[in-house]
């Protein structure tokens, strides 16, 4: 398994359940690392679907949003699906204001996101 | 500018690096917390100052070691103001594409400036477009 510094990953079949280790996703080099580590899940580890669980993430800015858009495109290009979950209210407001809530499939809880992939826990 | 007397102020020129920018933002956030800022208001200020300083460092000064970003911050329990100026050519915020239009939703441009406008009570750019001044009043100022 790859040496990961920014995320933890649990595998559920071809689904990667990703959690973030940073409370704030702001520093450009950290955002790059987060992106690289998630891209590796698709390209190297051959996961098809991804859940990003934002539990514990307190802050992110537009640079992180741009990276998420790139991830979404990459997952879709590989015929997979990206879902986000457990966003705190302030971060959800950012998705709503920017209308990115229309681009991303956002679920309230990790259980909801898993269920949307047909995984019952 | 605000209808309150400032209780803490800072005026510094910082290097055009994200490390310096984030160090300053962390200091500012800690001060805001000391003055009772929290929750949604604190998040809005953090987002606005983050977007403005990152814009100044990356788009304004192009991370040049020869250029600095001038930051002036004021804090009270009721309001906070931020003035951020870079040494770049400036930009016209009104000329940016609307990032919420369907055709721009997945474009990386204009989202930070739009978020600043949405989350602050007052936003002004100077004529050259290399300085932004922002004001945020606390919505729950009982504390």
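The values are calculated or read from the model by the stated rules, or taken from the named source; none is laboratory data. These numbers were taken from a predicted model, which means no experiment stands behind them. Cβ atoms come from the backbone with ideal geometry, glycine included; neighbour counts cover every protein chain shown.
Summary table below
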quantity	calculated
Selection count, region B:112-131, where residues are at the interface with chain A (Cβ under 10 Å from one of its Cβ atoms) and either touching a residue at least 60 places away in the same chain (Cβ under 8 Å) or farther than 30 Å from residue B:8 by Cα (or both)	5
Breaking point among (1) buried (at least 18 other Cβ atoms within 10 Å of the Cβ); (2) under 24 Å from residue A:91 (Cα atoms), for residue B:117	(1)
Selection within region A:29-58 - within 9 Å of chain B (Cβ to nearest Cβ) and at pLDDT below 95	A:29
Selection status of residue A:41, crowded, with 18+ Cβ neighbours inside 10 Å and assigned to a helix (DSSP H, G or I)	yes
Candidate set from region B:71-85 (those that are without any contact (Cβ under 8 Å) to a residue 60 or more places away in the chain and closer than 17 Å to residue B:17 by Cβ); member that is farthest from the other protein chains (Cβ to nearest Cβ)	B:85
Members of region A:66-121 found to be assigned to a loop (DSSP other than H, G, I, E, B), over 19 Å from residue A:14 (Cβ atoms), out of contact with any strand residue (DSSP E or B) (no Cβ under 7 Å at 6 or more places or on another chain) and touching a residue at least 24 places away in the same chain (Cβ under 8 Å), listed by number	A:88, A:98, A:103
Residue match in region A:46-65 (condition: within 12 Å of the chain's Cα centre (by Cα) and part of a helix (DSSP H, G or I))	yes
Scope region B:49-69; condition over 26 Å from residue A:60 (Cβ atoms) and in contact (Cβ under 8 Å) with a residue 12 or more places away in the chain; matching residues	B:64, B:65, B:67, B:68
